[in-house]
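> Input: one structure, supplied below.
The values are calculated or read from the model by the stated rules, or taken from the named source; none is laboratory data. In this text the structure is predicted, and so the values were computed from the model without any measurement. Using ideal geometry, Cβ is built from the backbone for each residue, glycine included, and neighbour counts are taken over all protein chains shown. The accessibility values were calculated without ligands, DNA or RNA, using every heavy atom of the protein model including side chains. Shrake-Rupley method; radii C 1.70, N 1.55, O 1.52, S 1.80 Å.
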Amino acid sequence: MEFHHISVLYEEVLSFLQPKEGEIFVDGTVGGGGHSYGIIKQLGPKGYLLAIDQDQDALLAAKKNLKMFSDQISFHHTNFEYLPNLINTHYSNGVDGILLDIGVSSPQIDNSSRGFSYMKNAVLDMRMDMTKELNAKYIINNYTEFQLEKIFREYGEEKWSSRITEIILEKRKKKPIETTFELVDCIERAIPKGAREKGSHVAKRSFQALRIAVNDELGVLERVIDGAISCLKKDGRMGIITFHSLEDRIVKNKFKYNALSCICPHELPVCTCNKVQTVKILTKKPIVASEQEIKNNPRAKSAKLRVIKKII
């Protein structure tokens, strides 16, 4: 299947990250190479880009779409969680910019064989990295009632998480739940029609939650941010695009903590924490897509971009 992905907040990313001639950048979620194309053009012939993605299909597409810059880009099949290790291996003095575009891409959703979509019948999978073992089918058929309910409640913010879990447990006693439509059926049976969110598919929250669990998306994001910041040179910039409130909260809190110069209780007369401010937040509020971009690409509606600058 052709891997064609529309990069969200394209102009905004370039405006805030400000790639300059000869700099070194990292795209930790290269996808089809949309953002990378804009970045590498501004880096000029002496600039360099590390392109990372855990999806092999995405990497193949990026290599094809960025082949005119092949001498200036190295491609790496890995999770962006290991981005600091890669940077330290290749550029021990740090890099000038890092971009992370979190979440599932359009080609992953549209490719029915990947099992991300509740609109297309396929084997339950949802792995972004197809070399990994854990998939959605295993979770649905093997996780405990407590584990499943927690996934739907915390990652999907689904009010009917208990009832959905109950229906899943009932169904899998008779036979394994193997396809996306079988899971959708469980969700539809669990949520009364009168309680369904208007304009949203009944399975949206649950599928989102399951995808996050399969790929440990929140855990990976939580673990990588501090390490990525430490790999930035002074005045280096990092931007993170999120599509989910839980992801955005992690980024907001991590950036805020790194931007603090003191974490002592307010009642202390003198600072004793020795906390050092390492970054300046460039986006006081998250940057969101324009009405025109949302019209052209509805999936940009929930996108939020936050950017920081390293100051030491």
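> If we scan segment 302-309, do we find a residue that is assigned to a loop (DSSP other than H, G, I, E, B), open to solvent by 40 Å² or more (accessible area, probe 1.4 Å) and not aromatic (F, W, Y)?
The answer is yes; a qualifying residue exists.
> Separate question: Is it true that some residue in segment 277-289 is of a type outside the set (D, E), surrounded by 14 or more Cβ atoms within 10 Å (Cβ to Cβ), in a loop (DSSP other than H, G, I, E, B) and over 21 Å from the mean Cα position of the chain (by Cα)?
yes
> Take segment 32-56 and flag every residue that is part of a helix (DSSP H, G or I) and in contact with a Lys or Arg (Cβ under 9 Å, 6 or more places away or on another chain).
Within segment 32-56, Q42, L43 meet the criteria.
> Got a sec? Which of I24, I87 is in contact with a Phe, Trp or Tyr (Cβ under 7 Å, 6 or more places away or on another chain), surrounded by 15 or more Cβ atoms within 10 Å (Cβ to Cβ) and touching a residue at least 40 places away in the same chain (Cβ under 8 Å)?
Criteria check complete, one pass: I24.
> Also, I was wondering about something else. Specify which of the listed residues (K67, K171, K150) is open to solvent by 40 Å² or more (accessible area, probe 1.4 Å), under 24 Å from the mean Cα position of the chain (by Cα) and modelled with pLDDT of 95 or more.
K150
> How many residues are part of a loop (DSSP other than H, G, I, E, B) and either touching a residue at least 12 places away in the same chain (Cβ under 8 Å) or open to solvent by 60 Å² or more (accessible area, probe 1.4 Å) (or both) if we restrict to segment 290-301?
2
> Taking segment 133-158 as the region of interest, how many residues are more than 11 Å from L210 (Cα to Cα) and in contact (Cβ under 8 Å) with a residue 24 or more places away in the chain?
Of the residues in segment 133-158, 5 are more than 11 Å from L210 (Cα to Cα) and in contact (Cβ under 8 Å) with a residue 24 or more places away in the chain.
> Moving on. Would you say N93 is open to solvent by 20 Å² or more (accessible area, probe 1.4 Å), in contact (Cβ under 8 Å) with a residue 60 or more places away in the chain, out of contact with any Ser or Thr (no Cβ under 6 Å at 6 or more places or on another chain) and in a loop (DSSP other than H, G, I, E, B)?
Judged against the criteria, N93 is a match.
> Could I ask something else about it? If you scan segment 117-128, which residues turn out to be in a loop (DSSP other than H, G, I, E, B) and touching an Asp or Glu at 6+ places or on another chain (Cβ under 8 Å)?
S117, L124, M128
Residue-by-condition table, conditions (1) in contact with a strand residue (DSSP E or B) (Cβ under 7 Å, 6 or more places away or on another chain); (2) more than 17 Å from S206 (Cα to Cα); (3) at pLDDT 95 or above:
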| residue | (1), (2), (3) |
| --- | --- |
| N88 | no, yes, yes |
| G94 | yes, yes, yes |
| I98 | yes, yes, yes |
| S105 | no, yes, no |
| D110 | no, yes, no |
| F116 | no, no, no |
| D125 | no, no, yes |
| N135 | no, no, yes |
| N141 | no, no, yes |
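> Quick one: would you say E222 is under 18 Å from T144 (Cα atoms) and within 27 Å of the chain's Cα centre (by Cα)?
no
> Which one of these does L99 not meet: (1) open to solvent by less than 90 Å² (accessible area, probe 1.4 Å); (2) more than 19 Å from the chain's Cα centre (by Cα)?
(2)
> Also: Here are some conditions: (1) on the phi < 0 side of the Ramachandran plot; (2) touching a Gly at 6+ places or on another chain (Cβ under 8 Å). M126 meets all but one. Which one does it not meet?
(1) is the only condition that M126 fails.
> Quick one: what pairs do we get from segment 62-74, first residue closer than 12 Å to G33 by Cα, second open to solvent by 70 Å² or more (accessible area, probe 1.4 Å), C-beta under 7 Å, 6+ apart or different chains?
As it stands, the answer is N65/Y37; L66/Y37, since those pairs meet every condition given.
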